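Worksheet for the structure shown next.
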Amino acid sequence: MTADRPFFITTPIYYVNDQPHLGHAYTTVACDALARFMRLDGRRVKFLTGTDEHGQKVEQSARAAGISPLEFADRISGAFRDVTRLLDISQDDFIRTTEPRHTRAVQALWRELESRGEIYLGRFSGWYSVRDEAFYEESELVDGKAPTGAEVEWLEEENYFFRLSAWQDRLLAYYEANPDAVAPRGGRNEVISFVKGGLKDLSISRTSFSWGIPVPGNSKHVIYVWLDALTNYITALGYPDEDSSEFAMFWPTVLHVVGKDILRFHSVYWPAFLMAAGLEPPRRVFANGWWTVEGQKMSKSLGNVIPPKQLVDTYGVDPVRYFLLRELPFGSDGDFSHRAVVARLNADLANDFGNLAQRVLVMINRECDGAVPEPGVLAEADEALLANARTLLGNVRIHMQEQAFHLALETIWRVVGEANRYTDEQAPWALRRSDPARMRMVLYTLAETIRYFATLVQPFVPNAAAKLLDQLAVPVGSRDFAALKQAPLTPGTRLPKPEGIFPRFVEAPAA
Ligand code: MSP
């Protein structure tokens, strides 16, 4: 049904003026889980991440560090790339906005907009925040600052403008015709009311600094960093070569995953730029919530910024991925605390899942000569458990299509719970002497159910899932979702010696 349908998924490209932290890791892990899920589900996937390297903020940070902006960008972009390795991120491409392919795409998009009469030269005066790289209306300021709390400065300069005001009705028609284009619902409502409130033309060039892509034909100006940054999504598809096979295949079947703070850029400016250039707007933008840490906003000044490496060193990569995606609904804000991490990992991974797998595999190893047991004709209770396992893919797929990672995992863990109850009820250890044939039936049923779990959790905990599939001797070519129905465990297959897959954490380590 879904075979070969293209799926393009993107993270925001991360600013290089900040070291990678938990917040960045969150979006990237979520996109990775989705990319892996879609690949296993037979979709043709392109997964893009990267770094956003231009703008006044980077220019200032580089100056403060006493190096050139490019050297500065190289350094931090490298740190973001390291995080993709650390977290087992399976991106197909890592884009940097300082690459020639990107300059070419941004300038081509500019020329296209210009030739269509969407850009004009005017004078800008207004409030600008360097930290947010965003313009604000007087009416949006709170106590003389941006609504985000950032400092703003009064800017007056000659600027190029994009005729955003002309796109209000067409943007509203786009939201109307595509109910899934902006999610979750709260974000969608905010975007629609922002657009209904009226749009002003957008300043899209700057002359007061130079670290950016020059405006074609007027190199006094550099292109506004958001027009530059957003274009990365099509640079990576080969734009401006619209007949590039990737562009044709993947645009506009894209999911842009972004933080809630940058939804407006992705769901108002970006679709307007694209439509104005004669291109399709994105199919879907999903805005994830924000993490606080032990009840507080993460900030350098509080010294509570969590580097992804610290988390992975403490808990391991799979547990970190699992916690981030299981703990919160993806669109909601939530709090990160070591107590919550330990409680969640012990309950779900070590106890419910890890223990189940370990118990079953150890019994098979001991009581069935270390080979997949011969089940014979299964009983009603066995069929009932397997039937539940078989419904999982369909349900998990629906949740993944809606970016409801926590529900996808909850759905799998509901059946993990049933498998645990079934194990207690059937008590295979008690059947060892009294009814070994029945014991083999029960152990087969459990091993086959665990194969479903191990296959379905691959997008979330890829290493643990691979280990478990190894322990079930599932061939590497039979680990995609099509194999769930097609390749049940074969009785008689020899299994390697079982090993625990999830560690238990005794107490919350110090932060
Ligand atoms: N460079 C822009 C994005 C351009 S996309 C064309 C940018 N970069 S950023 O590095 O500042 O932020 C990247 C992402 O990290 C955003 O989606 C932001 O929401 C997310 N997060 C930053 N702190 C966060 C938390 N504390 N929690 C969750 N996500 C957070 O914006």
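Every read-out reported here was derived from the displayed coordinates using simple, explicitly stated rules and does not represent laboratory data. Everything numeric here is computed off the predicted structure, so don't read it as measured data. Every residue, glycine as well, gets a Cβ built from its backbone with ideal geometry; the counts of neighbours run over all protein chains shown.
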Under 9 Å, Cβ to Cβ, from ASP480 - net charge with Lys/Arg +1 and Asp/Glu -1: +1
GLN60/GLU114 FRET efficiency (R0 30 Å; Cβ-Cβ; nearest 0.05): 0.55
Which value at 222 nm does the chain reach when only helices count, each DSSP H run of 4 or more adding -39,500 (n - 2.57), with the total divided by all residues and rounded to the nearest 500 deg cm²/dmol? -14000 deg cm²/dmol
Taking the alpha-carbon distance from LYS297 and a cut-off under 13 Å, which aspartates and glutamates remain once sequence neighbours fewer than 8 residues away in the same chain are dropped? ASP333, ASP335
Calculate one ³J(HN,Hα) per residue across segment 267-277 by plugging θ = phi - 60° into the Karplus curve 6.51 cos²θ - 1.76 cosθ + 1.60, and present them in order as whole Hz with x for glycine and proline. 10, 10, 5, 4, x, 5, 4, 5, 4, 5, 8
Compute the helix-to-body angle for 22-40: its Cα long axis versus the longest principal axis of the chain, expressed 0 to 90° and rounded to tens. 60
Just to verify a number: FRET efficiency for ARG438 and ARG85, C-beta to C-beta distance, R0 = 45 Å, to 0.05? 0.40
So, counting K/R as plus one and D/E as minus one, what does the shell of residues with Cβ under 14 Å around PRO179 add up to? +1
Cβ crowding within 10 Å averaged over residues, with 165-172, 17-24 ranked highest first: 17-24, 165-172
Separation between the GLU153 and ARG421 pseudo-spin-labels, each 7 Å from Cα along Cα→Cβ, expressed in nm? 6.4
Neighbours of LEU325 by Cβ distance under 14 Å: Lys/Arg at +1, Asp/Glu at -1, summed charge -3
Residues of segment 384-413 with amide N under 16 Å of the 7 Å Cα→Cβ point at ARG185: 402-404
Run the numbers for SER301 and VAL142: contour at 0.36 nm per residue of separation, minus the present Cα-Cα distance, in nm. 55.1 nm
note: segment 66-163, Cα-Cα separations exceeding 23 Å make up a percent value of 56
Any idea how far the Cα center of segment 410-466 sits from the one of segment 355-381, in Å? 9
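How high is the relative contact order of the chain? Use alpha-carbon pairs under 8 Å, at least six apart in sequence, and give a whole percent.
On the way: 821 pairs, mean separation 79.0, N = 511.
Here the relative contact order equals 15 percent.
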Please report the antiparallel percentage of the DSSP beta bridges confined to the chain, to the nearest 5. 50
Between ALA384 and HIS406, 0.36 nm times their residue separation minus their Cα-Cα distance comes to what? 5.4 nm
Could you rank the peptides 91-102, 448-459 by their average count of other C-beta atoms within 10 Å per residue, with the highest value first? 448-459, 91-102
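Kirkwood hydrodynamic radius (Cα pairs, Å) of segment 338-486? Numbers along the way, then the final one.
Numbers: mean 1/r = 0.0631 Å⁻¹.
That comes to 15.8 Å for segment 338-486.
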So, R0 is 45 Å and r is the distance between the beta-carbons of LYS196 and ARG75; what FRET efficiency does that work out to, to 0.05? 0.55
Cα→Cβ-extended label distance, 7 Å offset, between SER125 and PHE94, nm: 4.6
Zone residues, segment 101-132, relative to SER68, backbone N less than 20 Å from point 7 Å out along Cα-to-Cβ: 101-104
Label 7 Å along Cα→Cβ of SER337; segment 282-322 residues with amide nitrogen under 12 Å? 293-296
Filtered hits (lysines, Cα-Cα < 21 Å from LYS497, offset >= 8 within chain) -> LYS467
For SER478 paired with ARG43, estimate the spin-label separation in nm (one decimal), with each label point 7 Å from Cα along the Cα-to-Cβ line. 2.7
If you wrap a convex hull around the C-alpha atoms of the chain and split its volume per residue, what is the figure in Å³? 153
Straight-line reach only, C-alpha to C-alpha below 22 angstrom: list the lysines that LYS220 could link to, leaving out same-chain residues fewer than 8 apart. LYS57
Which of MET400, MET439 has the fewest other C-beta atoms within 10 Å, and how do the rest follow up to the most? MET400, MET439
